[in-house]
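Here, each number is a calculation from the coordinates, and none is a lab measurement. Owing to the predicted nature of the structure, the values given are computational and were not obtained by experimental measurement. So basically every Cβ, Gly included, is an ideal-geometry build from the backbone, and we count neighbours across all protein chains shown.
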Amino acid sequence: MPWSWRYETAGGSTPSNQPERSQEFPTQSDAETWLGETWRDLLDGGIDQVSLLEDERIAYGPMSLRPE
């Protein structure tokens with residue numbers, strides 16, 4: 001099953017200037033590593049939070065990208 005990140009605004013909708021999801025990853029670890037490397041760029045692009053999906057199932061989230 002592929003893993004991907006669903007992009008969301010703070011209100012839970014899809015950002016209008018971004019795709020609905022990230023690229024697909026073969027493992028959860030690969031997806032989490034990628035997010036750790038790119039979360040600042042996503043936040044700058046208007047994505048406020050993400051949810052990790054395994055195929056269509058939500059593994060966890062939504063998770064804010066904003067620092068506490």
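Which is surrounded by 12 or more Cβ atoms within 10 Å (Cβ to Cβ) and either more than 11 Å from Arg6 (Cα to Cα) or not aliphatic (A, V, I, L, M) (or both), of Pro67, Pro62? Before the answer, list the steps.
Details: Pro67 fails: surrounded by 12 or more Cβ atoms within 10 Å (Cβ to Cβ).
Answer to the selection: Pro62.
Check whether at least one residue in the stretch 15-24 is part of a loop (DSSP other than H, G, I, E, B) and either among the β-branched types (Val, Ile, Thr) or over 12 Å from the mean Cα position of the chain (by Cα) (or both), and report yes or no. Scanning the stretch 15-24 turns up at least one residue that is part of a loop (DSSP other than H, G, I, E, B) and either among the β-branched types (Val, Ile, Thr) or over 12 Å from the mean Cα position of the chain (by Cα) (or both). Evaluate the stretch 6-26: report whether one residue or more is touching a helix residue (DSSP H, G or I) at 6+ places or on another chain (Cβ under 6 Å) and either surrounded by 14 or more Cβ atoms within 10 Å (Cβ to Cβ) or touching a residue at least 60 places away in the same chain (Cβ under 8 Å) (or both). Within the stretch 6-26, one or more residues are touching a helix residue (DSSP H, G or I) at 6+ places or on another chain (Cβ under 6 Å) and either surrounded by 14 or more Cβ atoms within 10 Å (Cβ to Cβ) or touching a residue at least 60 places away in the same chain (Cβ under 8 Å) (or both).
Of the residues that sit in the stretch 30-59 and are aliphatic (A, V, I, L, M) and in contact with a Lys or Arg (Cβ under 9 Å, 6 or more places away or on another chain), which one is surrounded by the fewest Cβ atoms within 10 Å (Cβ to Cβ)?
Pass one, the stretch 30-59, residues aliphatic (A, V, I, L, M): 31, 35, 42-43, 47, 50, 52-53, 58-59.
If we keep only those that are in contact with a Lys or Arg (Cβ under 9 Å, 6 or more places away or on another chain) as well, we get 43, 50, 52-53, 58.
Values: Leu43: 16, Val50: 24, Leu52: 21, Leu53: 21, Ile58: 11.
Looking at the filtered set, the residue picked out is Ile58.
Among the candidates Thr9, Thr27, Thr14, Thr33, the residue that is closer than 19 Å to Glu68 by Cβ and among the polar types (S, T, N, Q) is uniquely Thr9. Got a number for residues in the stretch 34-68 being farther than 18 Å from Glu20 by Cβ and assigned to a helix (DSSP H, G or I)? The number of residues fulfilling the criteria is 4.
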